[in-house]
Amino acid sequence: MLNLAPVFVSGLTIEEAKEKIVSRLRQAYSGLNAGGGSYATVNLGNIRSINITVIGKATKPGNYTVSSLATVFNALYLCGGPDSTGSYRTIRVLRNNKVIRTLDLYKFLLGGEQTDNVLLQDQDVIHIPFYTTRIELDGEVKQPAIYETKETESFEQLLGFAGGFSSLAYKAYVTTRRTTDREIQVLNISQNDFKSF
């Protein structure tokens, strides 16, 4: 009997864990899964449950019991996501009182990017803060709506969130209304300034 070192698979997907285990077994059994009669299979038995907490401006904040294979997106689905005053752009995952990831849901909702969709661990906390800035985009754009923006984002990026101008849009300049502490400002943004405004 050959003794192999432990194979650590914590945090891996089932497919990644299977590949890692079979790869380690091939070191001892060279013909494994190569059609020579020796095969190895990996099956997942019981999946344990973990407890997480969703706080802040979630539709349904609270404590949730989820599978140990659950991700942040699974938890956000369970709690209904951010409520009407919650941020979609700065959702934080806390583990042992430290922020391990800050999610921008726009990356997923507008582009399908899941790089921040981390696997949750027992006692993780998901914090949904208040939004900071929202802008209503109306008129001849493909998807008029209210969008949450970050301080560093330009009008051109905001326009990208809405899918760009519609075919009927006048693109030479855009009229904006900005509310300040004392007044409502009306500004015209030239097309040349879309990247910097």
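Taking the alpha-carbon centroid of each part, what is the distance from the stretch 154-197 to the stretch 66-131 in angstrom?
What the calculation gives is 30 Å, centre to centre.
Just by accessible area at a 1.4 angstrom probe, what is the order of Tyr64, Tyr147, Tyr170, Tyr131 from largest to smallest?
Working: Tyr64 45, Tyr147 15, Tyr170 150, Tyr131 85 Å².
Largest accessible area first, the list is Tyr170, Tyr131, Tyr64, Tyr147.
Using the scaling law 2.2 N^0.38 Å as the reference, what is the normalised Cα Rg of the stretch 67-197?
1.26
Using a 1.4 Å probe over the heavy atoms of the protein chains, calculate the carbon and sulfur portion of the accessible area of the stretch 110-188 as a whole percent.
Carbon and sulfur atoms account for 46 percent of the accessible area of the stretch 110-188.
Given a 10 angstrom Cα cut-off, can you work out which residue in Val42, Val174, Val141 is the most mobile in a GNM of the chain?
Val42
Near Lys150, which lysines are there with a Cα under 20 Å away, not counting those fewer than 8 places off in the same chain?
The qualifying lysines are Lys57, Lys107, Lys195.
Taking 7 Å along the Cα-to-C-beta vector as the label spot, tell me the Gln185-Asn51 distance in nanometres, rounded to one decimal.
Taking the simple label geometry, Gln185 and Asn51 are separated by 5.0 nm.
If I ignore ligands, DNA and RNA and count only protein heavy atoms, how much of Glu19 is accessible to a 1.4 Å probe, in Å² to the nearest 10?
110
State the extension gain, in nm to one decimal, for the chain segment bounded by Ser154 and Asp83, taking 0.36 nm per residue of separation less the distance between their alpha-carbons.
Gain in length upon complete extension: 23.0 nm.
Give me the net charge for the shell around Gln121: Cβ to Cβ below 14 angstrom, other residues only, Lys and Arg +1, Asp and Glu -1.
Net local charge, Gln121 excluded: +2.
Using Cα pairs closer than 8 Å and at least 6 residues apart in sequence, work out the relative contact order for the stretch 63-157, in percent.
Relative contact order comes out at 28 percent.
Mind giving me the nanometre distance, one decimal, between the label points for Asn74 and Thr13, set 7 Å out from Cα along Cα→Cβ?
1.4
Of the chain, which part is the longest with no trypsin sites (Lys or Arg not before Pro) in a loop (DSSP not H, G, I, E, B) and with at most 11 other C-beta atoms within 10 angstrom?
Result, exposed sites excluded: 49-170.
Aspartates and glutamates near Lys60 by alpha-carbon distance under 16 Å, same-chain residues fewer than 8 away left out - which ones?
Answer for Lys60, where 16 Å is the Cα cut-off: Asp83, listed by chain and number.
Which FRET efficiency value, to the nearest 0.05, do you get for Asp122 and Asn192 by plugging their Cβ-Cβ distance into 1/(1 + (r/R0)^6) with R0 = 41 Å?
Efficiency for this residue pair is about 0.20.
So how tilted is helix 14-28 from the main axis of the chain? Cα-based, degrees 0 to 90, rounded to 10.
30
Averaging sequence separations of C-alpha pairs under 8 Å and six or more residues apart, then dividing by the length of the chain, give the relative contact order as a whole percent.
Details: 306 pairs, mean separation 28.0, N = 197.
It rounds to 14 percent for the chain.
For Ile91, enumerate residues with amide H under 5 Å from its amide H, sequence gap 5+ or separate chain, H modeled in the peptide plane.
Amide H neighbours of Ile91, under 5 Å, 5+ apart: Leu103, Leu105.
Tell me, what ³J(HN,Hα) does each residue in the stretch 122-134 have, in order and in whole Hz, if you take phi through Karplus 6.51 cos²θ - 1.76 cosθ + 1.60 with θ = phi - 60° and put x for Gly and Pro?
4, 6, 5, 10, 10, 10, 10, x, 5, 5, 9, 9, 10
Could you please put Asp193, Asp138 in sequence from largest to smallest accessible area, using a 1.4 Å probe?
Asp138, Asp193
Measuring with a 1.4 Å probe in the full set of protein chains, what accessible area per residue, in whole Å², belongs to the chain? Don't jump to the answer; show the numbers that get you there.
Numbers: 13240 Å² over 197 residues.
Per-residue value: 67 Å².
Starting from the Cα-Cα distance between Tyr173 and Ser30, subtract it from 0.36 nm times their residue separation and give me the gain in nm to one decimal.
44.7 nm
The values are calculated or read from the model by the stated rules, or taken from the named source; none is laboratory data. All values derive from a computational prediction rather than experimental measurement. Don't worry about glycine lacking a Cβ; one is built from the backbone with ideal geometry, like all the others, and counts go over all protein chains shown. Heads up: the accessible areas ignore ligands, DNA and RNA and are worked out on the full protein's heavy atoms, side chains in. Shrake-Rupley method; radii C 1.70, N 1.55, O 1.52, S 1.80 Å.
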